[in-house]
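The structure appears below as structure tokens.
The values are calculated or read from the model by the stated rules, or taken from the named source; none is laboratory data. Just so we're clear, the structure is a prediction, and the values are computed from it rather than from any experiment. A quick note on method: Cβ atoms are made from the backbone with ideal geometry, for glycine too, and the neighbour counts reach across all protein chains shown.
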Amino acid sequence: MKVFMKMKNLAFGPAVRSRWSQETEAVVKRSGTSFYWAMRRLPVKKRNAMYAIYAFCRLVDDIVDEPGKAGQKQEALKWWRCELNELYRGTPSHFVTQALLTSVDLFRLQKQDFIDIIKGMEKDSRGQVRLQNISELELYCDQVACAVGRLSVRVFGVPLELQLKLSFAQGQALQLTNILRDIKEDIILDRLYLPIDLLNSNSIHFNDIEEIIESPGLSSVCFYLAELAQSRYSEARALMSLCDQSIIRPARMMLEMYNLILCKLVDRRWKNLNCRVSLTKSEVLWTTMRYGVF
């Protein structure tokens, strides 16, 4: 049974739905993400859906990143799995899933994509993270980024035949950029997303993962992954060129903002990892105007 059919018996008026949308927007704004400005350009129903999707991702990600024992984090993620069941029954209790309620049917959002996001968070929640090869890295990227893309392309209205290809290309590009930007922060948390076989092939062998930061071969590993990311950026742009540009602008803004970050990382050659790469306000404004308006 479709969720909206069950909703007929629920007293959720426009004022209540507006409050949920305001609460999810507040989560997005507090996060400080540059995605906020991309989402702001969407029509109201799409905008509210994207706020709710992002808020869901933000809250489950916060469970993993905030201090706490692994067991407690896993229990919290288990609660979200149960809450997703309630969402698809039409009886959610959290303001984020309540905000998602109308969007699930309106945009045919798939439960499995939300579950995949939680699966990626569960990997991080265990504490130590080690990925053995590129296949494991791509699976992780698929869960924490491409799954978000699969939800997003449905909201944007990307043609069905392009949805999986675009969400894969963009999700991989963005998450690889995240990984290459956050090497130092992740290592402090005992998380290593650089594939071990790739490290070994560049003569990086370690007893303590903090040794990786000082390894001469680190830049070679990073350049290899940066080239892979750039190929995904190119694939995403090619797929976007086949879409109605009026619906794809928010995704293009996200893509180009992250590509700027990757370019900065490449220019810096992974030196001075203590200083996190980010975009200036003028760079965000330029990208917003260039890809979100024209």
Return the pair list, or none, for Cβ contacts closer than 7 Å from residues in segment 84-102 that are on the phi < 0 side of the Ramachandran plot and free of Cβ contacts under 8 Å to residues at least 40 places away in the same chain to residues that are among the aromatic types (Phe, Trp, Tyr) and in a helix (DSSP H, G or I), at least 6 apart or on different chains.
84/114
Tell me which residues, restricted to segment 183-196, are under 12 Å from residue 124 (Cβ atoms) and either among the charged types (D, E, K, R) or surrounded by fewer than 21 Cβ atoms within 10 Å (Cβ to Cβ) (or both).
186, 189, 190, 191, 192
Out of 60, 44, 64, report the one residue that is among the β-branched types (Val, Ile, Thr) and loosely packed, with under 13 Cβ neighbours inside 10 Å.
44
Name, by its number, the condition in (1) under 18 Å from residue 148 (Cα atoms); (2) not in a helix (DSSP H, G or I) that does not hold for residue 99.
(2)
Going by what's in this entry, would residue 216 be described as modelled with pLDDT under 90 and over 13 Å from residue 176 (Cβ atoms)?
no
Filter result for residue 109 (modelled with pLDDT of 95 or more and touching a His at 6+ places or on another chain (Cβ under 9 Å)):
no
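How many of the residues making up segment 214-226 are more than 23 Å from residue 260 (Cα to Cα) and among the β-branched types (Val, Ile, Thr)?
Here the count works out to 0.
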